[in-house]
Amino acid sequence: MRRFLFLSCLTFFAVSPASADITHAIKSSISLTVDGAASQSIRQPSSFSVSGSNVTLGTAPKLGTLTSGTALGYTPGVYSITTAGDSFSYSESYIEGDDAPSLLSTTVTGGVVPALPTFSNQTVTSGGIAGTLAGTLATDGAMTITAGGAGTAAVAQVIQELSIR
């Protein structure tokens, strides 16, 4: 019996213990976003062009003076045919650009852009309204998300990871 006890004790201490790495991780997050208001305005310039063949320029066309609140204005040119009886071509175009505005910038109040400069090319994005937008994470992993107004988003997630090596 002593031999058996001695042998079993020797075997018990000689055997290395089982080693296993166990990792458990819980990651939780909530992301609440409200869109911002924005505007982009591109001012159209005034321009003109003249082209032709077999024409002679008498008086040159010209653009007027740029003054806020008034049209730029344009005075067309005066042309004559160079060689009578021959074919000719003539083209003259004018595009009136945007007025020089008195309002060149604006502020955002409560997610709203109250006034913008008026230009030919304009893009406006209204801001989101948070309203009742909310989110909570409990220690037991329970999540609650309350919807907000227009232009809001809420994302919640819980990730549980178990690794055994």
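The values are calculated or read from the model by the stated rules, or taken from the named source; none is laboratory data. As the structure is a prediction and not an experimental result, all values here were calculated from the model. Positions of Cβ are generated from backbone atoms using ideal geometry, with glycine treated the same way; all protein chains shown enter the neighbour counts.
Tell me, please, whether a residue that is at pLDDT below 80 and out of contact with any Asp or Glu (no Cβ under 8 Å at 6 or more places or on another chain) can be found in region 20-35. So far as region 20-35 goes, yes, one or more of its residues are at pLDDT below 80 and out of contact with any Asp or Glu (no Cβ under 8 Å at 6 or more places or on another chain).
Here is the figure for region 139-165: residues that are free of Cβ contacts under 8 Å to residues at least 60 places away in the same chain and in a strand (DSSP E or B) total 2. Mind telling me which of the residues Thr118, Thr75 ends up being under 44 Å from the mean Cα position of the chain (by Cα), loosely packed, with under 15 Cβ neighbours inside 10 Å and at pLDDT 80 or above? Unique residue meeting the criteria: Thr75.
Where residues in region 131-143 are at pLDDT 85 or above and out of contact with any Leu (no Cβ under 6 Å at 6 or more places or on another chain), which of them is farthest from Lys27 (Cα to Cα)? The residue in question is Gly131.
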